[in-house]
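As structure tokens, the structure follows; a few thoughts come after it.
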Amino acid sequence: MSNGKFAVSQTGTQHAAAITRGHAGDPSRGLLSQVSIIIPIGPDEQAWPLLLHDLAELGNEAELLIVGTRERPEELDKLLAASSLGRRARWISATAGRARQLNAGAEQSARPFLWYLHADCRVTPDALHALDRSLALHPNALHYFDLQFQDDGPRLTRLNALGARIRSRWFGMPFGDQGFCLSGDVFQRLGGFDEAARFGEDHLLVWAAHRLGVPLRRVDAAIATSARKYRENGWLATTLVHGWRTWRQAAAAIAKLLWSRIK
């Protein structure tokens, strides 16, 4: 830890200049070697071993911080022993609540960049390379991916994926399941995730970025998230609830943004 509440070992700009030269084809040796990958895990989450498998390509360089609300699970040691992530992986116990878990990961980070991934998402090698390039070009931005849904829910989630792209690109409103990545410096400026928010802590972080002039950058790749909640709770009901919460929260955030520019 250095200054403030969250960890910042060196600035993203310094590392972008010093590390990426000559390593563009290997994400384990580029800027991704300077990333802390933070994965919050809920008490009933079961999908995270698949994500660890996807991240094995990063080798021993990237730091992996798995933030749970219970004791370190026995299966974690077995999974890490069978992968190249073992030497750089840590289990962090935190108080329940996604925002608190996300902030706890940042507090324990020893790297200049933070990459937040949901435990039920899947990441391809192309996504890793694309993020490495995006960080090198825009080290002081908040990066996000296009969103896809896995085949574990209704086919209509393809419409939700399209809506997420429109919402992100046209309205500047990506969500946390799109794999936020930013420097520790920027994260500290934004004040971290709002632990008092009942929902939408990721959404609020994006609006903090808008208020402070932090650019948003789309990574030229997609990550896939689970569509399980749409299957379990119903596609229409889940879509309507998320849409109502999003735009209600956005209205308040837009008002706050306009007021900050008028003052």
Worksheet, complete the sentence: Per the rule of 0.36 nm per residue minus the C-alpha distance, extending residue 70 to residue 199 adds in nm 44.3 nm
Discussion item. Under 8 Å for C-alpha pairs, at least 6 residues apart: give me the relative contact order for region 12-262, rounded to a whole percent.
Written reply: 22 percent
Worksheet item: Can you list the trypsin sites (Lys or Arg not before Pro) in region 183-242 that are in a DSSP coil and have 16 or fewer other beta carbons within 10 angstrom?
Response: 198
Worksheet, complete the sentence: Within the under-15-Å Cβ sphere about residue 73, not counting residue 73, Lys/Arg +1 and Asp/Glu -1 give a net charge of -2
Discussion item. Based only on other Cβ atoms within 10 Å, what is the fewest-to-most ordering of 66, 254, 92?
Written reply: 254, 92, 66
Worksheet item: Taking other Cβ within 10 Å of each residue's Cβ, how do 149, 193 sort, fewest first?
Response: 149, 193
Worksheet item: Got a sec? How would 145, 171, 180 order by Cβ neighbour count within 10 Å, fewest to most?
Response: 171, 180, 145
Worksheet entry | Residue-count net charge about residue 221 - beta-carbon cut-off 15 Å; Lys, Arg +1, Asp, Glu -1 | -1
Item to complete: Return, ordered by residue number, the residues of region 206-222 whose backbone nitrogen is under 15 Å from a label point located 7 Å along Cα→Cβ of residue 171.
Response: 206-207
Worksheet item: For the chain, which DSSP H helices look membrane-span-like by this rule: Cα extent along the axis of 15 Å or more and mean Kyte-Doolittle of at least -0.5?
Response: 125-137, 157-171, 201-212, 235-262
Practice prompt. Please give the contour-minus-distance gain from residue 236 to residue 155: 0.36 nm per residue of separation, less the Cα-Cα distance, rounded to one decimal in nm.
Written response: 28.0 nm
Worksheet entry | Within the chain, helix-based [θ] at 222 nm, where runs of 4 or more DSSP H residues each add -39,500 (n - 2.57), nearest 500 | -13500 deg cm²/dmol
Worksheet item: With each label point set 7 Å from Cα along the Cα-Cβ vector, what nm distance links residue 247 and residue 107?
Response: 3.8 nm
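Any read-out appearing in this document is the output of simple, stated calculations on the displayed coordinates, not a laboratory observation. Computed from a predicted structure; not experimentally measured. Positions of Cβ are backbone-derived with ideal geometry, glycine not excepted, and every protein chain shown enters the neighbour counts.
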